[in-house]
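The values are calculated or read from the model by the stated rules, or taken from the named source; none is laboratory data. Since the model is a prediction, treat every value here as computed from it, not as a measurement. We place every Cβ from the backbone using ideal geometry, glycine too, and count neighbours over all the protein chains shown.
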Amino acid sequence: MKLPIDPAGVVFTCAGAPEAVMDWDDRTKPETDEAGRPVFRVSLLAIAEGPGEVIPVKVAGEPQGLVTNTQAKVTGLSIEPWTSRRSGRSGVTYWAKAIEPVAAARPERAAS
């Protein structure tokens with residue numbers, strides 16, 4: 001079950017290029033979502049209050065225009081708890097419906 005997260009007040013900055021995620025059981029194949037789209041991982045620096053933290057966020061479909069130090073807009077952020085059947089370890093995976101670069105504001109032209 002994915003649990004939604006409200007990212008209001010958090011600034012996200014891309015900490016690296018999107019990377020394709022490989023299937024956990026067959027490392028020769030890419031991981032895909034329910035619709036068959038390839039899954040990518042984007043490392044994002046998340047800053048709210050105090051020091052920031054880099055979090056890996058998965059998204060279906062390759063995000064476009066994300067390069068290191070690009071401010072990012074994250075839509076539909078959620079976490080999904082997991083437990084490994086093999087080792088018993090557990091954790092959470094961050095997911096987003098979309099991750100895209102924040103459009104740079106255009107400077108206003110002075111009236112002539």
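Does S78 meet the test of being touching a Phe, Trp or Tyr at 6+ places or on another chain (Cβ under 7 Å), under 23 Å from I5 (Cα atoms) and either surrounded by fewer than 14 Cβ atoms within 10 Å (Cβ to Cβ) or modelled with pLDDT under 95 (or both)? Show your work before the answer.
On the way: touching a Phe, Trp or Tyr at 6+ places or on another chain (Cβ under 7 Å): yes; under 23 Å from I5 (Cα atoms): yes; either surrounded by fewer than 14 Cβ atoms within 10 Å (Cβ to Cβ) or modelled with pLDDT under 95 (or both): no.
Considered against the rule, which asks whether it is touching a Phe, Trp or Tyr at 6+ places or on another chain (Cβ under 7 Å), under 23 Å from I5 (Cα atoms) and either surrounded by fewer than 14 Cβ atoms within 10 Å (Cβ to Cβ) or modelled with pLDDT under 95 (or both), S78 comes out as no.
When you go through V54, V10 one by one, which is the residue that is more than 11 Å from the chain's Cα centre (by Cα), of a type outside the set (S, T, Y) and modelled with pLDDT of 95 or more? Talk me through it step by step, then tell me what you get.
Values: V54 fails: more than 11 Å from the chain's Cα centre (by Cα).
One residue alone meets the criteria, V10.
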Checklist outcome for this item: In segment 7-16, residues that are exposed (fewer than 13 other Cβ atoms within 10 Å of the Cβ) and touching a residue at least 24 places away in the same chain (Cβ under 8 Å) total 1
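Matching residues to (1) in contact with an Asp or Glu (Cβ under 6 Å, 6 or more places away or on another chain); (2) surrounded by 10 or more Cβ atoms within 10 Å (Cβ to Cβ); (3) among the hydroxyl-bearing types (S, T, Y):
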residue	(1), (2), (3)
A20	no, yes, no
D25	no, no, no
L44	no, yes, no
I47	no, yes, no
G52	no, yes, no
V57	no, yes, no
Q64	no, no, no
R89	no, no, no
T93	yes, yes, yes
Checklist entry - Looking at this structure, is A72 assigned to a strand (DSSP E or B) and either of a type outside the set (A, V, I, L, M) or surrounded by 10 or more Cβ atoms within 10 Å (Cβ to Cβ) (or both)? => result yes
Checklist entry - Which ones in segment 1-49 are within 15 Å of T93 (Cα to Cα) and basic (K, R)? => result K2, R41
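In segment 35-59, what count of residues is obtained for those that are of a type outside the set (A, V, I, L, M, F, W, C) and in a strand (DSSP E or B)?
Looking only at segment 35-59, we keep the residues that are of a type outside the set (A, V, I, L, M, F, W, C), and these are 36-38, 41, 43, 49-53, 56, 58.
Adding the requirement that they be in a strand (DSSP E or B) leaves 38, 41, 43, 53, 56, 58.
Number satisfying all stated conditions: 6.
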